Amino acid sequence: MRDVIIIGSGPAGMGAAIYGKRAGLNTLVLEGTGMSGGQVTQTYEVDNYLGLPGVNGFDMAMTFQAHMEKLGADFEMGVVNKIEKKDGYFEVVTDEKTYETKTVILATGASHNKLMVPGEEELAGMGVSYCATCDGAFFRGKTTMVVGGGDVAIEDAIFLARGCEKVYLVHRRDELRGAKILQDNLMSLSNVEIIWDSVVQEIQGKEQVEQVKLLNRKTGEESQIKIDGIFIAVGIHPNTECFTGLVETDRNGYVIAGESCETSLPGIFVAGDSRTKELRQIITAVADGANAINSVQKYLITKDLT
(Lines give C-alpha, C1' and ligand atoms only; values in the text may rest on other atoms or scores of the structure.)
Protein backbone atom coordinates (compact mmCIF):
# COMPACT_ATOMS: atom_id res chain seq x y z
CA MET A 1 0.00 0.00 0.00
CA ARG A 2 1.51 3.30 -1.13
CA ASP A 3 0.92 6.63 0.58
CA VAL A 4 0.78 8.36 -2.79
CA ILE A 5 0.97 7.38 -6.43
CA ILE A 6 1.88 10.15 -8.86
CA ILE A 7 0.66 9.62 -12.42
CA GLY A 8 3.01 11.40 -14.80
CA SER A 9 6.63 12.49 -14.53
CA GLY A 10 6.72 15.96 -16.00
CA PRO A 11 7.85 18.88 -13.81
CA ALA A 12 4.66 18.63 -11.71
CA GLY A 13 5.02 14.89 -11.13
CA MET A 14 8.73 15.03 -10.39
CA GLY A 15 8.25 18.06 -8.13
CA ALA A 16 5.61 16.14 -6.21
CA ALA A 17 7.92 13.11 -5.98
CA ILE A 18 10.73 15.19 -4.47
CA TYR A 19 8.44 16.75 -1.89
CA GLY A 20 6.80 13.39 -1.22
CA LYS A 21 10.07 11.67 -0.44
CA ARG A 22 11.26 14.55 1.72
CA ALA A 23 7.99 14.24 3.65
CA GLY A 24 8.70 10.56 4.29
CA LEU A 25 5.81 9.34 2.16
CA ASN A 26 5.88 5.95 0.41
CA THR A 27 5.89 7.45 -3.09
CA LEU A 28 5.58 5.85 -6.52
CA VAL A 29 5.76 7.67 -9.86
CA LEU A 30 4.10 6.06 -12.88
CA GLU A 31 5.23 7.21 -16.32
CA GLY A 32 3.48 6.10 -19.48
CA THR A 33 5.52 7.67 -22.28
CA GLY A 34 8.95 6.14 -21.70
CA MET A 35 10.68 9.39 -20.73
CA SER A 36 10.38 11.84 -17.87
CA GLY A 37 10.04 15.55 -18.45
CA GLY A 38 6.79 16.03 -20.34
CA GLN A 39 6.66 18.95 -22.78
CA VAL A 40 9.95 20.40 -21.53
CA THR A 41 11.91 17.68 -23.31
CA GLN A 42 10.70 19.15 -26.62
CA THR A 43 12.02 22.62 -25.78
CA TYR A 44 15.44 23.45 -27.19
CA GLU A 45 16.19 26.11 -24.61
CA VAL A 46 14.48 27.28 -21.41
CA ASP A 47 15.44 30.79 -20.36
CA ASN A 48 12.81 31.70 -17.77
CA TYR A 49 13.33 29.10 -15.03
CA LEU A 50 14.87 30.66 -11.94
CA GLY A 51 18.58 29.90 -11.60
CA LEU A 52 18.92 27.95 -14.85
CA PRO A 53 19.07 30.53 -17.66
CA GLY A 54 19.47 29.08 -21.14
CA VAL A 55 19.23 25.45 -20.04
CA ASN A 56 18.41 22.87 -22.70
CA GLY A 57 14.92 21.44 -22.08
CA PHE A 58 16.07 17.82 -22.26
CA ASP A 59 18.96 18.50 -19.87
CA MET A 60 16.57 20.21 -17.50
CA ALA A 61 14.28 17.18 -17.48
CA MET A 62 17.21 14.84 -16.81
CA THR A 63 18.36 17.09 -13.94
CA PHE A 64 14.88 16.94 -12.42
CA GLN A 65 14.83 13.16 -12.79
CA ALA A 66 18.27 12.75 -11.23
CA HIS A 67 17.13 14.79 -8.22
CA MET A 68 14.03 12.64 -7.88
CA GLU A 69 16.02 9.40 -8.10
CA LYS A 70 18.66 10.65 -5.65
CA LEU A 71 15.96 11.00 -3.01
CA GLY A 72 14.83 7.44 -3.71
CA ALA A 73 11.43 7.95 -5.27
CA ASP A 74 10.23 4.71 -6.85
CA PHE A 75 9.65 5.01 -10.59
CA GLU A 76 7.88 2.51 -12.84
CA MET A 77 6.65 2.45 -16.41
CA GLY A 78 2.93 1.97 -16.89
CA VAL A 79 0.01 3.42 -18.82
CA VAL A 80 -2.84 4.01 -16.38
CA ASN A 81 -6.16 2.73 -17.70
CA LYS A 82 -8.36 3.56 -14.75
CA ILE A 83 -8.49 4.51 -11.09
CA GLU A 84 -11.05 2.83 -8.84
CA LYS A 85 -12.11 4.06 -5.43
CA LYS A 86 -12.23 1.31 -2.81
CA ASP A 87 -13.04 1.34 0.89
CA GLY A 88 -10.40 3.72 2.24
CA TYR A 89 -7.95 3.49 -0.65
CA PHE A 90 -7.63 3.54 -4.45
CA GLU A 91 -6.65 1.01 -7.06
CA VAL A 92 -4.55 2.32 -9.95
CA VAL A 93 -4.80 -0.08 -12.89
CA THR A 94 -2.23 -0.26 -15.69
CA ASP A 95 -1.87 -2.73 -18.55
CA GLU A 96 0.35 -4.98 -16.47
CA LYS A 97 -0.24 -4.28 -12.78
CA THR A 98 -2.73 -3.02 -10.24
CA TYR A 99 -1.42 -0.78 -7.47
CA GLU A 100 -2.99 0.14 -4.13
CA THR A 101 -2.56 3.61 -2.69
CA LYS A 102 -4.05 5.92 -0.09
CA THR A 103 -3.89 8.95 -2.39
CA VAL A 104 -3.31 9.79 -6.06
CA ILE A 105 -1.83 12.85 -7.74
CA LEU A 106 -2.86 13.34 -11.36
CA ALA A 107 0.09 14.98 -13.14
CA THR A 108 -0.55 13.93 -16.71
CA GLY A 109 -0.12 17.39 -18.19
CA ALA A 110 -1.56 18.75 -21.41
CA SER A 111 -0.64 18.58 -25.07
CA HIS A 112 -0.57 21.40 -27.60
CA ASN A 113 -2.85 21.05 -30.59
CA LYS A 114 -0.72 20.86 -33.70
CA LEU A 115 -1.13 22.00 -37.27
CA MET A 116 -0.05 18.58 -38.58
CA VAL A 117 1.81 20.09 -41.52
CA PRO A 118 5.21 19.19 -43.03
CA GLY A 119 8.11 20.69 -41.11
CA GLU A 120 6.27 21.14 -37.83
CA GLU A 121 7.71 18.11 -36.08
CA GLU A 122 11.08 18.31 -37.79
CA LEU A 123 11.66 21.94 -36.72
CA ALA A 124 10.11 21.74 -33.25
CA GLY A 125 12.39 23.62 -30.89
CA MET A 126 14.27 25.10 -33.86
CA GLY A 127 11.89 27.96 -34.54
CA VAL A 128 8.63 26.10 -34.07
CA SER A 129 7.20 26.89 -30.64
CA TYR A 130 3.91 26.57 -28.81
CA CYS A 131 4.65 29.08 -26.05
CA ALA A 132 5.45 32.73 -26.74
CA THR A 133 6.12 33.56 -23.09
CA CYS A 134 8.60 30.67 -22.95
CA ASP A 135 10.50 31.27 -26.17
CA GLY A 136 9.67 34.76 -27.37
CA ALA A 137 12.83 36.30 -25.90
CA PHE A 138 14.95 34.31 -28.36
CA PHE A 139 13.43 36.25 -31.27
CA ARG A 140 14.08 39.85 -30.26
CA GLY A 141 14.59 42.00 -33.33
CA LYS A 142 13.50 39.17 -35.63
CA THR A 143 10.43 38.28 -37.68
CA THR A 144 7.92 35.87 -36.21
CA MET A 145 4.50 34.46 -37.00
CA VAL A 146 1.61 33.45 -34.76
CA VAL A 147 -1.04 31.00 -35.98
CA GLY A 148 -4.49 31.20 -34.41
CA GLY A 149 -7.36 33.58 -33.76
CA GLY A 150 -8.34 33.23 -30.12
CA ASP A 151 -7.26 35.05 -26.97
CA VAL A 152 -4.00 33.13 -26.64
CA ALA A 153 -2.96 33.80 -30.24
CA ILE A 154 -3.71 37.52 -29.92
CA GLU A 155 -1.91 37.74 -26.58
CA ASP A 156 1.08 35.95 -28.08
CA ALA A 157 1.20 38.37 -31.01
CA ILE A 158 1.01 41.37 -28.65
CA PHE A 159 3.72 39.89 -26.45
CA LEU A 160 6.02 39.18 -29.39
CA ALA A 161 5.44 42.62 -30.91
CA ARG A 162 7.16 44.20 -27.91
CA GLY A 163 10.49 42.71 -28.93
CA CYS A 164 10.22 41.50 -32.52
CA GLU A 165 10.79 43.64 -35.57
CA LYS A 166 7.76 42.14 -37.35
CA VAL A 167 4.94 39.82 -36.29
CA TYR A 168 2.50 38.13 -38.65
CA LEU A 169 -0.77 36.74 -37.29
CA VAL A 170 -2.29 34.08 -39.54
CA HIS A 171 -5.94 33.17 -39.06
CA ARG A 172 -8.08 30.81 -41.09
CA ARG A 173 -11.14 33.06 -40.91
CA ASP A 174 -11.87 36.72 -41.71
CA GLU A 175 -12.37 37.78 -38.12
CA LEU A 176 -10.67 37.00 -34.82
CA ARG A 177 -12.37 35.15 -31.99
CA GLY A 178 -10.51 36.84 -29.15
CA ALA A 179 -11.79 39.45 -26.71
CA LYS A 180 -12.53 42.86 -28.24
CA ILE A 181 -10.12 44.68 -25.93
CA LEU A 182 -7.31 42.38 -27.05
CA GLN A 183 -8.20 42.88 -30.69
CA ASP A 184 -8.15 46.66 -30.26
CA ASN A 185 -4.73 46.44 -28.65
CA LEU A 186 -3.46 44.23 -31.46
CA MET A 187 -4.78 46.48 -34.21
CA SER A 188 -2.96 49.46 -32.72
CA LEU A 189 0.46 47.85 -33.16
CA SER A 190 2.34 49.05 -36.23
CA ASN A 191 4.65 46.02 -36.46
CA VAL A 192 1.82 43.44 -36.55
CA GLU A 193 0.26 42.30 -39.82
CA ILE A 194 -2.79 40.05 -39.91
CA ILE A 195 -3.12 37.56 -42.76
CA TRP A 196 -6.78 36.61 -43.05
CA ASP A 197 -8.49 33.50 -44.44
CA SER A 198 -5.21 31.61 -44.57
CA VAL A 199 -3.69 28.39 -43.30
CA VAL A 200 -0.13 27.14 -43.01
CA GLN A 201 0.62 24.43 -45.54
CA GLU A 202 4.28 23.85 -44.73
CA ILE A 203 7.00 25.10 -42.40
CA GLN A 204 10.30 25.21 -44.25
CA GLY A 205 13.93 25.34 -43.19
CA LYS A 206 17.03 23.21 -42.87
CA GLU A 207 18.31 23.49 -39.31
CA GLN A 208 16.06 26.41 -38.37
CA VAL A 209 12.72 27.82 -39.50
CA GLU A 210 13.31 29.95 -42.58
CA GLN A 211 9.89 30.46 -44.15
CA VAL A 212 6.31 29.21 -44.29
CA LYS A 213 4.05 28.32 -47.16
CA LEU A 214 0.51 29.70 -46.83
CA LEU A 215 -2.76 29.01 -48.60
CA ASN A 216 -5.60 31.52 -48.83
CA ARG A 217 -8.75 29.47 -48.28
CA LYS A 218 -10.96 31.87 -50.23
CA THR A 219 -8.85 32.62 -53.29
CA GLY A 220 -6.73 29.47 -53.42
CA GLU A 221 -3.63 31.63 -53.74
CA GLU A 222 -0.38 30.27 -52.30
CA SER A 223 2.36 32.45 -50.84
CA GLN A 224 5.63 32.16 -48.96
CA ILE A 225 6.79 34.40 -46.12
CA LYS A 226 10.28 34.46 -44.65
CA ILE A 227 10.28 34.27 -40.86
CA ASP A 228 12.64 33.32 -38.04
CA GLY A 229 10.11 31.62 -35.80
CA ILE A 230 6.51 30.44 -35.73
CA PHE A 231 4.29 30.24 -32.65
CA ILE A 232 1.36 27.86 -32.95
CA ALA A 233 -1.59 28.87 -30.76
CA VAL A 234 -4.48 26.72 -31.90
CA GLY A 235 -5.32 25.39 -28.46
CA ILE A 236 -4.18 22.74 -26.02
CA HIS A 237 -5.94 19.74 -24.57
CA PRO A 238 -5.43 18.14 -21.16
CA ASN A 239 -4.36 14.52 -20.97
CA THR A 240 -7.23 13.55 -18.71
CA GLU A 241 -9.25 11.15 -20.86
CA CYS A 242 -8.86 8.15 -18.56
CA PHE A 243 -10.10 10.17 -15.54
CA THR A 244 -13.43 11.11 -17.12
CA GLY A 245 -16.15 10.63 -14.54
CA LEU A 246 -13.70 10.16 -11.67
CA VAL A 247 -13.22 13.83 -10.78
CA GLU A 248 -14.98 17.01 -11.83
CA THR A 249 -13.60 18.71 -14.94
CA ASP A 250 -14.47 21.86 -16.82
CA ARG A 251 -15.94 21.81 -20.33
CA ASN A 252 -12.45 21.59 -21.83
CA GLY A 253 -11.46 18.57 -19.76
CA TYR A 254 -9.21 20.28 -17.21
CA VAL A 255 -9.51 18.92 -13.69
CA ILE A 256 -11.14 21.53 -11.48
CA ALA A 257 -8.91 22.40 -8.52
CA GLY A 258 -7.50 25.48 -6.83
CA GLU A 259 -4.04 26.14 -5.42
CA SER A 260 -4.47 23.32 -2.90
CA CYS A 261 -4.71 20.91 -5.86
CA GLU A 262 -7.67 19.14 -4.22
CA THR A 263 -10.16 17.68 -6.68
CA SER A 264 -13.85 16.93 -6.20
CA LEU A 265 -12.96 13.42 -4.96
CA PRO A 266 -11.18 13.36 -1.57
CA GLY A 267 -7.84 11.60 -1.84
CA ILE A 268 -7.35 12.53 -5.48
CA PHE A 269 -5.20 15.58 -6.25
CA VAL A 270 -4.09 17.22 -9.49
CA ALA A 271 -0.91 19.10 -10.35
CA GLY A 272 0.46 20.84 -13.41
CA ASP A 273 -1.01 21.60 -16.80
CA SER A 274 -4.04 19.32 -16.43
CA ARG A 275 -5.36 21.55 -13.62
CA THR A 276 -7.61 24.57 -14.13
CA LYS A 277 -5.23 27.54 -13.87
CA GLU A 278 -4.23 30.79 -15.54
CA LEU A 279 -0.55 30.20 -16.24
CA ARG A 280 0.87 26.90 -17.47
CA GLN A 281 4.65 27.07 -17.11
CA ILE A 282 7.39 24.80 -15.75
CA ILE A 283 7.70 26.85 -12.58
CA THR A 284 3.95 26.74 -11.84
CA ALA A 285 3.87 22.99 -12.51
CA VAL A 286 6.68 22.38 -10.00
CA ALA A 287 4.86 24.59 -7.50
CA ASP A 288 1.69 22.54 -8.01
CA GLY A 289 3.66 19.39 -7.17
CA ALA A 290 4.69 20.88 -3.84
CA ASN A 291 1.16 22.10 -3.07
CA ALA A 292 -0.32 18.72 -3.96
CA ILE A 293 1.99 16.90 -1.55
CA ASN A 294 1.17 19.42 1.17
CA SER A 295 -2.52 18.64 0.65
CA VAL A 296 -1.79 14.90 0.58
CA GLN A 297 -0.11 15.16 3.99
CA LYS A 298 -3.07 17.04 5.46
CA TYR A 299 -5.46 14.47 3.99
CA LEU A 300 -3.49 11.54 5.41
CA ILE A 301 -3.28 13.13 8.87
CA THR A 302 -7.01 13.77 8.91
CA LYS A 303 -7.68 10.24 7.66
CA ASP A 304 -5.48 8.72 10.38
CA LEU A 305 -7.28 10.72 13.06
CA THR A 306 -10.74 9.49 12.00
In the stretch 27-60, which residues are small (Gly, Ala, Ser), surrounded by 21 or more Cβ atoms within 10 Å (Cβ to Cβ) and in a loop (DSSP other than H, G, I, E, B)? Ser36, Gly37
Criterion first (touching a His at 6+ places or on another chain (Cβ under 9 Å) and more than 30 Å from Thr144 (Cα to Cα)) does Gly235 satisfy it? no
Just wondering, is there one or more residues in the stretch 172-181 that are assigned to a strand (DSSP E or B), modelled with pLDDT of 95 or more and surrounded by 14 or more Cβ atoms within 10 Å (Cβ to Cβ)? no
Answer yes if at least one residue in the stretch 264-276 is of a type in the set (Lys, Arg) and buried (at least 18 other Cβ atoms within 10 Å of the Cβ), and no otherwise. yes
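Please work out if Thr63 is β-branched (Val, Ile, Thr), in a helix (DSSP H, G or I) and closer than 29 Å to Ile5 by Cα.
Judged against the criteria, Thr63 is a match.
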Being over 13 Å from Thr108 (Cα atoms), surrounded by fewer than 21 Cβ atoms within 10 Å (Cβ to Cβ) and touching an Asp or Glu at 6+ places or on another chain (Cβ under 9 Å): is that true of Glu69 here? no
Answer yes or no: is there a residue in the stretch 184-198 that is acidic (Asp, Glu) and in contact (Cβ under 8 Å) with a residue 24 or more places away in the chain. yes
Can you tell me which residue within the stretch 66-80, out of those that are in a loop (DSSP other than H, G, I, E, B) and touching a Lys or Arg at 6+ places or on another chain (Cβ under 9 Å), is nearest to Gly38 (Cα to Cα)? Gly78
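Would you point out which residue out of Gly272, Gly289 is farther than 27 Å from Arg172 by Cα, outside any loop (DSSP other than H, G, I, E, B) and in contact (Cβ under 8 Å) with a residue 40 or more places away in the chain?
Numbers: Gly272 fails: outside any loop (DSSP other than H, G, I, E, B).
None of the others qualify; the one that does is Gly289.
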Residue by residue through the stretch 213-248, note down the ones that are under 26 Å from the mean Cα position of the chain (by Cα), under 18 Å from Phe138 (Cβ atoms) and part of a strand (DSSP E or B). Gly229, Ile230, Phe231, Ile232
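The values are calculated or read from the model by the stated rules, or taken from the named source; none is laboratory data. From a predicted model like this one, the values you see are computed outputs, not experimental measurements. Please note: Cβ atoms are built from the backbone with ideal geometry, for glycine as well, and neighbour counts cover all protein chains shown.
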